[in-house]
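The values are calculated or read from the model by the stated rules, or taken from the named source; none is laboratory data. Just so you know, these numbers come straight off a predicted model, no measurement behind them. A quick note on method: Cβ atoms are made from the backbone with ideal geometry, for glycine too, and the neighbour counts reach across all protein chains shown. Accessible surface is based on the protein model in full, side chains and every heavy atom, while ligands, DNA and RNA are left aside. Shrake-Rupley method; radii C 1.70, N 1.55, O 1.52, S 1.80 Å.
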Amino acid sequence: MRRTYTAVLVPDSQDGYVVEVPAVPGCVTYGRTLGEALLNAEDAIRGVLEVLREDGEPLPKEGPTVTVRTARRPEVLLRRVAVVLPEGATTVA
(Lines give C-alpha, C1' and ligand atoms only; values in the text may rest on other atoms or scores of the structure.)
Protein backbone atom coordinates (compact mmCIF):
# COMPACT_ATOMS: atom_id res chain seq x y z
CA MET A 1 0.00 0.00 0.00
CA ARG A 2 1.40 3.38 -0.99
CA ARG A 3 0.54 6.50 1.03
CA THR A 4 1.49 10.05 0.09
CA TYR A 5 1.64 12.98 2.49
CA THR A 6 2.59 16.64 2.27
CA ALA A 7 5.76 17.55 4.16
CA VAL A 8 6.36 21.13 5.31
CA LEU A 9 10.07 22.00 5.29
CA VAL A 10 11.08 25.03 7.29
CA PRO A 11 14.64 26.34 6.79
CA ASP A 12 16.46 26.30 10.13
CA SER A 13 18.82 29.02 11.25
CA GLN A 14 21.50 26.35 11.74
CA ASP A 15 21.64 25.43 8.01
CA GLY A 16 19.13 22.65 7.71
CA TYR A 17 15.41 21.97 7.54
CA VAL A 18 12.83 21.12 10.17
CA VAL A 19 10.17 18.90 8.61
CA GLU A 20 6.57 18.58 9.79
CA VAL A 21 3.89 16.35 8.29
CA PRO A 22 0.54 17.90 9.25
CA ALA A 23 -1.57 14.84 8.38
CA VAL A 24 0.56 12.51 10.54
CA PRO A 25 0.30 13.52 14.21
CA GLY A 26 3.68 13.77 15.93
CA CYS A 27 5.66 13.39 12.71
CA VAL A 28 8.54 15.88 12.92
CA THR A 29 12.14 15.43 11.80
CA TYR A 30 15.22 17.34 10.64
CA GLY A 31 17.83 17.20 7.89
CA ARG A 32 20.98 19.17 7.12
CA THR A 33 20.17 19.26 3.40
CA LEU A 34 16.90 19.21 1.49
CA GLY A 35 17.59 15.65 0.32
CA GLU A 36 18.42 14.43 3.83
CA ALA A 37 15.34 16.16 5.23
CA LEU A 38 13.09 14.43 2.69
CA LEU A 39 14.64 11.01 3.36
CA ASN A 40 14.26 11.57 7.10
CA ALA A 41 10.63 12.60 6.53
CA GLU A 42 9.99 9.34 4.69
CA ASP A 43 11.55 7.36 7.55
CA ALA A 44 9.64 9.36 10.19
CA ILE A 45 6.30 8.89 8.42
CA ARG A 46 6.90 5.17 8.06
CA GLY A 47 7.88 4.93 11.75
CA VAL A 48 4.76 6.71 13.00
CA LEU A 49 2.52 4.64 10.72
CA GLU A 50 4.13 1.39 11.91
CA VAL A 51 3.51 2.34 15.57
CA LEU A 52 -0.10 3.26 14.83
CA ARG A 53 -0.60 -0.04 13.05
CA GLU A 54 1.01 -2.03 15.89
CA ASP A 55 -1.34 -0.27 18.33
CA GLY A 56 -4.34 -1.18 16.16
CA GLU A 57 -5.01 2.46 15.32
CA PRO A 58 -6.20 3.55 11.87
CA LEU A 59 -3.64 5.21 9.63
CA PRO A 60 -4.18 8.88 8.78
CA LYS A 61 -5.26 9.78 5.30
CA GLU A 62 -4.44 13.24 3.99
CA GLY A 63 -7.45 15.25 2.92
CA PRO A 64 -7.79 17.30 -0.26
CA THR A 65 -6.33 20.38 1.46
CA VAL A 66 -3.39 20.90 3.81
CA THR A 67 -3.26 23.71 6.36
CA VAL A 68 0.19 25.15 7.00
CA ARG A 69 0.79 27.72 9.71
CA THR A 70 3.57 30.05 8.59
CA ALA A 71 3.59 32.61 11.42
CA ARG A 72 7.07 34.09 11.81
CA ARG A 73 8.45 31.82 9.10
CA PRO A 74 9.86 33.79 6.20
CA GLU A 75 9.88 30.78 3.91
CA VAL A 76 8.52 27.22 3.84
CA LEU A 77 8.77 24.50 1.21
CA LEU A 78 6.04 21.95 0.52
CA ARG A 79 6.92 18.54 -0.88
CA ARG A 80 4.94 15.34 -1.38
CA VAL A 81 6.50 12.32 0.32
CA ALA A 82 5.42 8.77 -0.53
CA VAL A 83 5.91 5.71 1.65
CA VAL A 84 5.14 2.08 0.91
CA LEU A 85 3.48 0.11 3.68
CA PRO A 86 3.01 -3.64 3.92
CA GLU A 87 -0.45 -4.92 3.08
CA GLY A 88 -2.93 -5.17 5.92
CA ALA A 89 -2.56 -1.57 7.14
CA THR A 90 -5.83 0.14 8.02
CA THR A 91 -6.64 3.72 7.05
CA VAL A 92 -8.98 6.45 8.21
CA ALA A 93 -11.81 6.76 5.67
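Report, by chain and number, residues whose modeled amide H sits under 5 Å from the one on Cys27, excluding near sequence neighbours (fewer than 5 apart, same chain).
Amide H to amide H, under 5 Å and 5 or more residues apart or across chains, Cys27 pairs with Val21.
What dipole magnitude, in Debye to the nearest 20, does the chain give about its Cα centre under +1 on Lys/Arg Cβ and -1 on Asp/Glu Cβ?
Values: 11 positive and 13 negative charges, 73 e Å.
Roughly 360 debye for the chain.
When a/c reaches 1.5 or more, the comparison of a/b and b/c decides; with that in mind, is the chain rounded, prolate or oblate per its Cα gyration tensor? Present the calculation step by step, with values, prior to reporting the outcome.
On the way: a/c = 2.36, a/b = 1.74, b/c = 1.36.
The shape class here is prolate.
What's the local net charge at Ala41, with K and R +1, D and E -1, over the other residues with C-beta under 10 Å away? Provide the component values of the computation, followed by the final result.
Working: positive: Arg46, Arg79; negative: Glu20, Glu36, Glu42, Asp43.
Within the 10 Å Cβ shell, the charges total -2.
For the full complex of protein chains and a 1.4 angstrom probe, list Arg79, Arg3, Arg32, Arg72 by accessible area with the highest value first.
Values: Arg79 90, Arg3 35, Arg32 160, Arg72 240 Å².
Ranked list, largest accessible area first: Arg72, Arg32, Arg79, Arg3.
GNM, the chain, Cα, under 10 Å: largest mean-square fluctuation among Val18, Val28, Val68?
Taking springs between Cα atoms under 10 Å, the residue moving most is Val68.
Full extension from Arg80 to Leu39: what is 0.36 nm times the residue separation minus their Cα-Cα distance, to one decimal in nm? If you can, show how the numbers build up before the last one.
Numbers: separation 41, 0.36 × 41 = 14.76 nm, distance 1.16 nm.
Residue separation times 0.36 nm, minus the Cα-Cα distance, leaves 13.6 nm.
Can you give the % of DSSP beta bridges in the chain that are antiparallel, to the nearest 5? It would help to have the intermediate numbers written out before the result.
Numbers: 17 of 18 bridges.
About 95 percent, rounded to the nearest 5.
Whole-Hz Karplus ³J(HN,Hα) for region 18-34, in order, using 6.51 cos²θ - 1.76 cosθ + 1.60 and θ = phi - 60°, x for Gly and Pro?
With the stated coefficients, region 18-34 comes to 8, 10, 10, 10, x, 7, 10, x, x, 8, 9, 8, 8, x, 6, 10, 4 Hz.
What list of ³J(HN,Hα) couplings, whole Hz, do you get for region 44-51 from phi and the Karplus terms 6.51, -1.76, 1.60, once you set θ to phi - 60° and write x for glycine and proline?
Residue by residue, region 44-51 yields 5, 4, 4, x, 5, 5, 5, 5 Hz.
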